[in-house]
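The values are calculated or read from the model by the stated rules, or taken from the named source; none is laboratory data. Quick caveat: nothing in here was measured; it's all calculated off a predicted structure. Ideal geometry is used to build each Cβ from the backbone, glycine not excepted, and the neighbour counts take in all protein chains shown.
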Amino acid sequence: MRVARGTANCRGGAVVGAPTTLAPATARAASAIRQSRHHLVRSFAASASNAAAASAAAVDGSATASETTARVIPAAASRAPDFAPRQTIRKILADAAALASSGGDDTSTTSSSSPTSSPLLVRGWVRTCRAQKTRAFLELTDGSCATGLQVLVEPETPGFDAVSSGKTPTGASVECLGELVACPPGARQPFELRASSVSLLGACDAAIYPLQKKKHTLEFLREIAHLRPRTKTVGAALRVRGCLSRATHDFFGQNGFVQVHTPIITASDCEGAGEAFQVTTLLAEVDAALKMNGSGSASESSSSSLASAEAAVAAAADAVRDAKAAEAPDKTQIAAAVERLNEAKGAAASLRNAAEVSKGPARTAEGKSIDYSRDFFGKPAFLTVSGQLQAEAAACALGDVYTFGPTFRAENSNTSRHLAEFWMIEPEMAFADLGRAMSTCEAFVRHCLKAVLDECADDLVALSSGGENGDNDLIARLDRMASNRFHVLSYSDAISELIKGNNALSKKNKFEFEPHWGGDLAAEHERWLVDVAFGGEPVFITDWPAEIKAFYMKLNPDGKTVAAMDFLAPKVGELAGGSQREERLEVLEAKMRASMGDEAENLKWYGDLRRYGTVRHAGFGVGFERLVQLASGVDNIRDTIPFPRYPGHAEF
């Protein structure tokens, strides 16, 4: 039996490391415990099943347990086809390469684990098409890898006429059946598909297709975000993103973390920066009222409409009185008149309410603020900027947890490092200090980079070779980060290094923002620390001034700094931030009152985590898109997510 061995970190705690073999006696004991657990589970399941059967029989004493669970399936019913993975170009080429490296004579392959000479069926989009009189070549991509598959189409092949006549240009989707063969020595690719048939699945008008056979700037591709995943660079970046997502869940699952789903709509601003998107239905009411009134809220048409509606109410009321005062009252006529009166009253009430609402959202009695008691949630609500506070609540019950989901920030920033909608990975750990937060963060990042190096080799080659985003050092940099431990430096020492470095720079090369103790680190400071001070290696900056960090971070004994860390990585700067959380109730409440004032009352529940069984705990947050930047070498964060959201852009 094998179990995970804990690796000690710099300040306490452990992260799962390499597996180790137990002593025989210990292994036998562990096996007995496992068998006992399995026995208990089976016993419980059997008891539950018997109880359910008895309950069903009790409902109808004449029926047996089997009769109560009998099902009648319609004769016309069938079952879905058995699941089978799609036969992808990635799998086909991998199988062929494995066969060739093993010394096999037959270079034909299928997507099965035992390559054979069976025909291959490949579906994809045409990347390039070269037609000649005696043969034609298609380069296909199906999205599974950066490498395309060359398809040889000869004149006798069904579908050759369509290819040679230009009906399968760049962008068209096709289906090719054929045999994979080795290419002659010196060819650009080791294998190609010798087609036995080619079928056009979806035509593409080459005259208007935006992705022509040429280099496109990443800025242009953002304008056609629905098509840009078909390009090599963006497709590779998105596959790296998918790999990192899988690696994230693998890492935390293997290390005993429980995934929790924190709310996207929240009434608290975790960061306290006041840059949250507000969620409200009040404006929808105002918009509907303005549309009902036609023009503006004080328009003559709306006043005229309301006057007409009130006149209609008066006329309908007169009709009811006249019907009742008739010498021979007719109940049917009276009922019809009352119904018309009610309809007129309803229409007038709607117009009256619309006129009031069109003046703007309802205000409080004092008239100084919006009356959110009439809003959907009865209070101000926002899109979350972080799931940390709720994750802390889960950690104080479940131990180690993590959340992985979308977050939002209404920061009017147009830099290459910021998005309005982005994803965050936020672990929270009970009984943990800052040291464990750092060791977990380091182990997580290294795990993710190793996964990308192992699973996305062809994508990394595509991302590192030429083009607008070419990064020739990408693979070597990722390998260094995945293989070596990270550095740790205190904030005070970092400021000292920055001041010395700035003094040594020439006048025109000095920092734009002069570093000083008590100030935040600018992007230029982060780059200098990583690239110059540490030679391109990542570093944790710890123990930050309390005044520039959030209220929930633990105050250090010096009373001036908090047990917090920022993780700086090459190319991206700040990748993660975290801290040991303040577990002392009186200290936390004092910091909340100082930073939030009366609004601290809204987080009384957060204080309860300290009021009832407080424990030392810590956590951190990793910006997922910045992690994708790090692993893919993509310069602009807008190219790490399929449909980026930033100021002025919410298309698709």
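Some notes on this structure:
- Take the conditions (1) surrounded by fewer than 18 Cβ atoms within 10 Å (Cβ to Cβ); (2) modelled with pLDDT of 95 or more; (3) over 21 Å from the mean Cα position of the chain (by Cα); H226 misses just one of them, which is (3).
- Qualifying residue in the range 429-436 (condition: in a helix (DSSP H, G or I) and closer than 19 Å to G143 by Cβ): no
- Among residues of the range 582-611 that are β-branched (V, I, T), those with a Cβ under 9 angstrom from a residue that is assigned to a loop (DSSP other than H, G, I, E, B), sequence gap 6+ or separate chain, pair up as V587/K554.
- The range 268-289: number of residues that are within 27 Å of A594 (Cα to Cα), modelled with pLDDT of 70 or more and surrounded by 16 or more Cβ atoms within 10 Å (Cβ to Cβ): 4
Listed here are the residues, each with its yes/no results for (1) outside the structural domain of G623 (by TED's automatic domain parsing); (2) in contact with a Gly (Cβ under 6 Å, 6 or more places away or on another chain); (3) in a strand (DSSP E or B).
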| position | (1), (2), (3) |
| --- | --- |
| H525 | no, no, no |
| G536 | no, no, no |
| I541 | no, no, yes |
| F551 | no, no, no |
| M565 | no, yes, yes |
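- Test for S496: is it without any contact (Cβ under 8 Å) to a residue 60 or more places away in the chain, farther than 25 Å from F620 by Cα and among the polar types (S, T, N, Q): yes
- Residues that are at pLDDT 95 or above and not in a loop (DSSP other than H, G, I, E, B) were ranked within the range 638-650; the one that is surrounded by the most Cβ atoms within 10 Å (Cβ to Cβ) is D639.
- The numbered conditions (1) over 21 Å from R626 (Cβ atoms); (2) crowded, with 17+ Cβ neighbours inside 10 Å are all true for L478 except (1).
- Filter result for the condition that a residue is part of a helix (DSSP H, G or I), in contact with a helix residue (DSSP H, G or I) (Cβ under 8 Å, 6 or more places away or on another chain) and touching a residue at least 60 places away in the same chain (Cβ under 8 Å), over V401, V452: V452
- Test for F620: is it in contact with a Pro (Cβ under 9 Å, 6 or more places away or on another chain) and modelled with pLDDT under 95: no
- Inter-residue pairs, beta-carbon under 7 Å, first among the hydrophobic types (A, V, I, L, M, F, W, C) and in the range 67-87, second modelled with pLDDT of 90 or more, 6+ apart: none
- Test result for D520, surrounded by fewer than 22 Cβ atoms within 10 Å (Cβ to Cβ), charged (D, E, K, R), part of a loop (DSSP other than H, G, I, E, B) and at pLDDT 95 or above: yes
- All of L177, L211, L200 fail the test of being under 26 Å from C243 (Cβ atoms) and surrounded by 13 or more Cβ atoms within 10 Å (Cβ to Cβ), apart from L211.
- N502 under 31 Å from the mean Cα position of the chain (by Cα) and on the phi < 0 side of the Ramachandran plot: no
- The range 430-445 residues that are outside the structural domain of E392 (by TED's automatic domain parsing), paired with ones that are surrounded by fewer than 24 Cβ atoms within 10 Å (Cβ to Cβ) (beta carbon under 8 Å, 6 or more apart): none
- Residues of the range 217-271 classified as closer than 27 Å to S579 by Cα, without any contact (Cβ under 8 Å) to a residue 40 or more places away in the chain and out of contact with any strand residue (DSSP E or B) (no Cβ under 9 Å at 6 or more places or on another chain), total: 0
- For the residues E625, E574, the requirement of being charged (D, E, K, R) and in a strand (DSSP E or B) singles out E574.
- Some residue of the range 488-497 being of a type in the set (A, V, I, L, M) and out of contact with any strand residue (DSSP E or B) (no Cβ under 8 Å at 6 or more places or on another chain): yes
- Of the criteria (1) part of a loop (DSSP other than H, G, I, E, B); (2) among the hydrophobic types (A, V, I, L, M, F, W, C); (3) under 28 Å from P642 (Cβ atoms), which one A187 fails: (3)
- A443 in a helix (DSSP H, G or I) and among the hydrophobic types (A, V, I, L, M, F, W, C): yes
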